[in-house]
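The values are calculated or read from the model by the stated rules, or taken from the named source; none is laboratory data. A quick note: this is a predicted structure, and the numbers were derived from the prediction, not measured. Here the Cβ positions follow ideal geometry from the backbone for every residue, glycine too, while neighbour counts run over all protein chains shown.
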């Protein structure tokens with residue numbers, strides 16, 4: 001099953017539960033220990049975002065999910081995720097091999113910043129009494145390290161690049177900057193937005209001082225590497241107040257109360273058929289006769305996590321990053337807009353994640369280059385209406401693409 005081209009990066013300091021979050025999100029076993037630098041090489045895997053399957057909305061008995069998974073009416077769509085080693089203060093200068101670790105998230109579209117909401121790890125990632133360390137400062141430190149890493153990369157040959165552009169070497173300033181920064185996964189639209197927001201679009205690059213460059217980099221990080229704060233260890237009593245403080249301090253940045261360990265336990269119990277649980281649900285059902293100690297642990301999860309926060313937060317953080325922070329939607333392409341099937345007769349087989357605002361032709365290109373290049377029209381299967389290339393696809397649309405290439409085939 002091929003994941004979408006979206007990549008989420010899991011970052012944070014050491015010993016805050018990043019690897020547990022990654023394992024819970026992917027169900028891949030990775031080293032999880034209570035000490036720094038257990039994760040050295042990046043862990044790369046596939047996780048899933050959750051949406052209601054359209055077969056439920058349409059009253060169909062089932063679907064034939066192919067590139068994704070359908071569980072009890074919920075469609076789980078794969079995306080890529082990478083977990084890098086924990087960061088420490090000075091990581092942008094290479095401390096703790098920080099530069100190497102940060103390089104692993106160059107291509108990430110969004111960052112899941114895992115922090116210890118219980119305040120039970122100090123700035124170096126060493127265990128301390130819950131409430132002893134401030135997660136607000138933790139977020140500030142991690143954002144600083146990420147932005148300093150980006151700043152050092154961009155500033156390395158900035159003077160030379162600025163002279164080249166200002167002396168006519170490039171007429172398209174945002175395009176030239178984006179090309180220079182493409183190794184960081186930065187696109188032209190990111191540069192345009194950062195220039196406009198900072199008010200630097202009309203200022204010659206050679207007249208920027210270091211302060212201007214830092215402001216630009218900070219805004220560029222915000223638009224090109226947006227952050228979702230995963231407030232982990234939210235089951236610890238002191239975490240509730242810290243979650244509130246995180247939300248007050250970082251307005252506009254999603255803060256998701258999370259217990260990665262609870263999610264991992266639920267998924268493993270579900271895999272062994274000891275509980276009925278779908279990732280993202282607010283409750284579970286014990287089945288069979290699991291060990292008493294497991295039942296007690298599950299009841300604690302229900303009391304301290306699910307009833308308090310509504311979910312473990314892991315699925316919510318993934319959905320938040322892909323659909324809200326990155327502003328994507330899901331569309332379902334079909335060959336037969338009446339039966340809602342592909343060429344093999346499978347009902348609603350594919351679920352594609354695409355940017356909000358994408359057109360019917362954009363969707364055609366996403367499916368196959370030939371369909372995009374020879375696009376004729378599309379059919380909205382829900383309304384049965386024919387739509388043109390400029391039709392903006394809506395979340396949950398079921399679309400048939402009609403193209404010359406498809407007809408010849």
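The table for this structure:
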| quantity | calculated |
| --- | --- |
| Residue in segment 194-215 that is modelled with pLDDT of 95 or more, within 24 Å of residue 6 (Cβ to Cβ) and buried (at least 16 other Cβ atoms within 10 Å of the Cβ) present | yes |
| Qualifying residue in segment 317-324 (condition: over 11 Å from the mean Cα position of the chain (by Cα) and either within 28 Å of residue 257 (Cβ to Cβ) or surrounded by 17 or more Cβ atoms within 10 Å (Cβ to Cβ) (or both)) | no |
| Any chance residue 229 is outside any helix (DSSP H, G or I), within 28 Å of residue 115 (Cα to Cα) and free of Cβ contacts under 8 Å to residues at least 60 places away in the same chain | no |
| Criterion violated by residue 247 - all others in (1) within 24 Å of residue 151 (Cβ to Cβ); (2) assigned by TED's automatic domain parsing to the domain that holds residue 107; (3) part of a helix (DSSP H, G or I) satisfied | (1) |
| Residue under evaluation residue 159, criteria (1) outside any helix (DSSP H, G or I); (2) more than 22 Å from the chain's Cα centre (by Cα); (3) under 30 Å from residue 203 (Cβ atoms), criterion not met | (1) |
| Selection from segment 112-144 of residues that are surrounded by 23 or more Cβ atoms within 10 Å (Cβ to Cβ) and in contact with a helix residue (DSSP H, G or I) (Cβ under 7 Å, 6 or more places away or on another chain) | 112, 113, 114, 115, 116, 117, 118, 119, 135 |
| One residue from 290, 279 being crowded, with 22+ Cβ neighbours inside 10 Å, touching a residue at least 12 places away in the same chain (Cβ under 8 Å) and not in a helix (DSSP H, G or I) | 279 |
| Residue list for segment 149-174, filter: over 12 Å from residue 213 (Cβ atoms), surrounded by 15 or more Cβ atoms within 10 Å (Cβ to Cβ) and modelled with pLDDT of 85 or more | 149, 164, 165, 173, 174 |
| Residues within segment 383-409 that are out of contact with any helix residue (DSSP H, G or I) (no Cβ under 7 Å at 6 or more places or on another chain) and touching a residue at least 60 places away in the same chain (Cβ under 8 Å), tallied | 4 |
| Tally, over segment 118-132, of residues that are at pLDDT 95 or above and under 28 Å from residue 217 (Cβ atoms) | 0 |
